[in-house]
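Everything below concerns the one structure shown next.
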Amino acid sequence: MAKDIGPKCKRCRKSREKLFLRGDKCVSDKCVLMKRGEEPVAQGRRRSRSSYSIQLREKQKLRMMYGILEAQFHNYFVQAAKSRNTAATLLILLERRLDNVLFRLGFADSRPQARQLVRHGHVAVNGRKVDVPSFQVRAGEVISPRTETGRNFVQARLASRDAGTVVPWLALDTGQLAGTVLRLPTADDMRDAPCNTQLIVEFYSK
């Protein structure tokens, strides 16, 4: 299985904004982007950015944020392109990933951490083990830790977070250590997306 194991903090500096790949470190004084700023440009190489480079940067930023390799990200775009609103559908498909849902519920401090939780078999959907991070959740499904290790891990994460920060399309039951997909995310839920997905559509449309 292919993995992207490059330095995470360097990706934030290159994207010029936080991608929240390191959990609590991203919101602390230890954040490299806050301490050192953007990735330096070699002397004499700073030039005006072309439309292609801007589109590429937006695509790479979104891909790195969700921790997806290029081939899989392109597959999501091909699937989204079949809908009327390609830009919004692309984000919705990414949001429906199981590892992202765990992150949104607060079961993990970052998406990479949530991905590891899934791959190690600590997560169940409707009581059944699911170890595929890209699993697409559906409305009405219940996500919960299935092992003692998973429950202890999730309980520790929830104890250190704000219970009121769950996205509107998810519901969290801290007592049962379970999250429910109330509905699928919509285009309205994607309005505060951290990137310009229309530029990504233009990038792949060339």
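The values are calculated or read from the model by the stated rules, or taken from the named source; none is laboratory data. In this text, all values refer to a predicted model and were calculated from it rather than measured experimentally. Here Cβ is always computed from backbone atoms with ideal geometry, including for glycine, and neighbour counts include all displayed protein chains.
Just one of the numbered conditions (1) outside any loop (DSSP other than H, G, I, E, B); (2) surrounded by fewer than 19 Cβ atoms within 10 Å (Cβ to Cβ); (3) under 12 Å from the mean Cα position of the chain (by Cα) is not true of V101; which one?
If we test V101 against (1) outside any loop (DSSP other than H, G, I, E, B); (2) surrounded by fewer than 19 Cβ atoms within 10 Å (Cβ to Cβ); (3) under 12 Å from the mean Cα position of the chain (by Cα), just (2) comes out false.
Please go through region 158-183 and give me each residue that is touching a residue at least 60 places away in the same chain (Cβ under 8 Å) and either part of a strand (DSSP E or B) or under 30 Å from S51 (Cα atoms) (or both), ordered by number.
L170, L172, G179, V181
I need a count of the residues in region 110-138 that are assigned to a loop (DSSP other than H, G, I, E, B), surrounded by fewer than 20 Cβ atoms within 10 Å (Cβ to Cβ) and under 19 Å from the mean Cα position of the chain (by Cα).
Counting residues in region 110-138 that are assigned to a loop (DSSP other than H, G, I, E, B), surrounded by fewer than 20 Cβ atoms within 10 Å (Cβ to Cβ) and under 19 Å from the mean Cα position of the chain (by Cα) gives 7.
For region 1-98, please list each of the helices (runs of 4 or more DSSP H) lying entirely inside it that holds at least 3 residues being buried (at least 19 other Cβ atoms within 10 Å of the Cβ), touching a Leu at 6+ places or on another chain (Cβ under 9 Å) and at pLDDT 60 or above.
Numbers: elements: 8-15, 32-36, 51-66, 70-80, 86-95.
Of the helices (runs of 4 or more DSSP H) lying wholly inside region 1-98, those with at least 3 residues that are buried (at least 19 other Cβ atoms within 10 Å of the Cβ), touching a Leu at 6+ places or on another chain (Cβ under 9 Å) and at pLDDT 60 or above span 51-66, 70-80, 86-95.
For region 184-197, check the following and say yes or no: at least one residue is among the aliphatic types (A, V, I, L, M), farther than 27 Å from Q60 by Cα and touching a residue at least 12 places away in the same chain (Cβ under 8 Å).
Of region 184-197, the ones among the aliphatic types (A, V, I, L, M) are 184, 187, 190, 193.
Okay, now just the ones that are also farther than 27 Å from Q60 by Cα, so none.
The answer is no, given that none of the residues of region 184-197 is among the aliphatic types (A, V, I, L, M), farther than 27 Å from Q60 by Cα and touching a residue at least 12 places away in the same chain (Cβ under 8 Å).
Consider G150 carefully, then state whether it is touching a strand residue (DSSP E or B) at 6+ places or on another chain (Cβ under 6 Å) and surrounded by 15 or more Cβ atoms within 10 Å (Cβ to Cβ).
Values: touching a strand residue (DSSP E or B) at 6+ places or on another chain (Cβ under 6 Å): no; surrounded by 15 or more Cβ atoms within 10 Å (Cβ to Cβ): yes.
Spelling it out, it is not the case that G150 is touching a strand residue (DSSP E or B) at 6+ places or on another chain (Cβ under 6 Å) and surrounded by 15 or more Cβ atoms within 10 Å (Cβ to Cβ).
Please go through region 101-135 and give me each residue that is of a type in the set (D, E, K, R) and modelled with pLDDT under 95, ordered by number.
Residues of region 101-135 that are of a type in the set (D, E, K, R), as a first pass: 104, 109, 111, 115, 119, 128-129, 131.
Scanning region 101-135 gives R104, D109, R111.
Test R138 against the criterion of being basic (K, R) and either modelled with pLDDT of 95 or more or within 30 Å of A171 (Cα to Cα) (or both), and give yes or no.
Numbers: basic (K, R): yes; either modelled with pLDDT of 95 or more or within 30 Å of A171 (Cα to Cα) (or both): yes.
Judged against the criteria, R138 is a match.
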